[in-house]
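The structure under discussion appears below in the form of structure tokens.
What follows draws every value from the coordinates through simple rules; no lab data is involved. Source: prediction; values computed, not measured. Don't worry about glycine lacking a Cβ; one is built from the backbone with ideal geometry, like all the others, and counts go over all protein chains shown.
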Amino acid sequence: MPAHSSLADMIGNTPLVYLREISEATGCSIYGKAEFLNPGGSIKDRTALGIIRDAEAKGQLQPGGTIVEGTAGNTGIGLTLIANALGYKSVVVMPQTQSKEKIELLDLYGADLRLVKATSYDDPNHYVHQADRLAEKLNSERDNGAIWARQFDNLANMEIHNRTTGEEIWQQTDGKVDGFICSVGTGGTLAGVGTALKAHNSDIKIGVADPMGSALYSYYKDGELKAEGRSIAEGIGISIITDNIREAVIDMAYQISDEEALPYIYNLLKHEGLCLGGSSAINIAGAVELAKDMGPGHTIVTVLCDYGHRYQSKLFNPAFLRRMKLPVPDWIDS
Ligand code: PMP
């Protein structure tokens with residue numbers, strides 16, 4: 001393998017890993033795309049790079065310029081590392097409810113971090129709207145300008161997943177993939193991978209695994225954006241149809257509770273050595289549902305979005321789990 005010229009070249013080309021227990025239980029071959037192996041530790045490194053490269057190509061991002069983004073954390077982490085590597089500055093607007101581990105990483109990496117109150121999307125103080133306004137202000141104040149990354153509606157997001165994540169999955173399964181499923185934060189992953197796979201074979205089933213508190217399940221079932229309950233999984237769940245998710249062709253939708261999903265990541269850590277975050281738990285539970293619906297013998301792929309140690313103070317913390325009224329695995333409690 002030739003040497004990479006910078007961290008930007010280390011993003012993507014992640015392996016697939018066979019998920020043994022759920023494959024044996026369903027009679028399908030279920031694989032996880034190991035996105036936690038990206039240099040920033042999550043799938044959102046791809047989005048950050050896709051958006052930066054697109055803005056460079058369009059002449060919107062000047063050398064030394066600033067990239068502003070509203071993020072649940074992972075896009076901010078990716079943007080900051082890439083900005084450091086390529087000579088840009090990053091400003092990250094994030095709701096203060098996100099894990100302290102992500103906040104600490106952003107501080108460590110030198111992001112200009114603006115923590116804001118968590119509010120609903122229709123509130124003008126929602127982190128996405130604050131990022132928009134801040135980018136405009138910084139663009140007029142800073143010599144090299146500033147851009148808003150706009151990951152929810154910027155189609156450079158799904159495009160990078162179309163060209164890389166989706167294409168890699170097709171190659172890595174030798175075209176044998178029958179189904180793909182994941183949850184949605186911006187919709188970039190689901191729309192991009194779905195577009196790539198359906199272009200190769202329109203029979204491939206594309207599923208959405210929707211956590212409680214997110215409106216996509218009801219949207220795909222009944223055409224209504226309605227949400228109930230809540231999830232502790234960070235970075236996923238939406239109440240609006242973003243420009244990215246609008247591009248997705250969805251065949252099946254599943255609503256997944258934390259109670260159903262979290263045991264999968266505890267078992268994966270204990271029995272298969274994979275330490276994963278909450279969105280991976282929702283994705284894996286969705287893959288099991290898709291496998292049950294499709295029947296034995298199929299090849300199904302989902303996404304392992306980030307590492308569990310990014311959520312050690314929540315997902316792997318008995319006191320937090322009890323406070324959320326979620327079951328605590330014996331071995332975490334002891
Ligand atoms: N998992 C995690 C941990 C994330 O941070 C995100 C993005 N916010 C996602 C999943 C969802 O990915 P996408 O934005 O491509 O829908």
**Request:** Just subtract the alpha-carbon distance of W331 and S257 from 0.36 nm times their residue separation and send over the number in nm, one decimal.
**Result:** 24.5 nm
**Relative exposure of W148, W331, judged by other C-beta atoms within 10 Å (fewest first)** = W331, W148
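At 222 nm, what value in deg cm²/dmol follows for the chain if DSSP H runs of at least 4 each add -39500 (n - 2.57) and the sum is divided by all its residues, to the nearest 500? Walk me through the numbers on the way to the answer.
Working: 14 runs with 136 residues, N = 334.
When only DSSP H runs of four or more count, the value is -12000 deg cm²/dmol.
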**Item:** Whole-angstrom gap from segment 168-235 to segment 75-118, using each part's C-alpha centre
**Value:** 26
**Asked** Which lysines have a Cα lying under 24 Å from the Cα of K137, excluding residues fewer than 8 positions away in the same chain?
**Response** K58, K89, K117
**Asked** Given labels modelled 7 Å from the Cα in the Cβ direction, how far is it in nm from L16 to D112?
**Response** 4.3
**Rough spin-label spacing in nm, given labels placed 7 Å along Cα→Cβ, for I240 and A319** = 3.6
**Message:** Once R0 is set to 25 Å, what does the formula 1/(1 + (r/R0)^6) return for the Cβ-Cβ distance between D293 and H271, expressed as a FRET efficiency to the nearest 0.05?
**Reply:** 0.55
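Residue separation times 0.36 nm, minus the C-alpha to C-alpha distance between A25 and T97: what's the value?
Details: separation 72, 0.36 × 72 = 25.92 nm, distance 3.56 nm.
Result for the pair: 22.4 nm of gain on full extension.
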**Message:** Quick check: residue separation of D203 and H4 times 0.36 nm, minus the Cα distance between them. What number comes out in nm?
**Reply:** 68.0 nm
**Asked** Between L225 and D143, what FRET efficiency comes out of the Förster formula 1/(1 + (r/R0)^6) with R0 = 45 Å and r the beta carbon distance, rounded to 0.05?
**Response** 0.60
**Asked** What share of Cα pairs, in percent, lie more than 27 angstrom apart in the chain?
**Response** 41
**Asked** Could you give the distance between the Cα centres of segment 1-70 and segment 271-324, to the whole Å?
**Response** 18
**Complete:** Given 292-302, 188-198, 216-226, the highest-first ranking by average Cβ count within 10 Å works out to 188-198, 292-302, 216-226
**Spacing of the two label points (7 Å from each Cα toward its C-beta) at T119 and R163, in nm** = 3.7
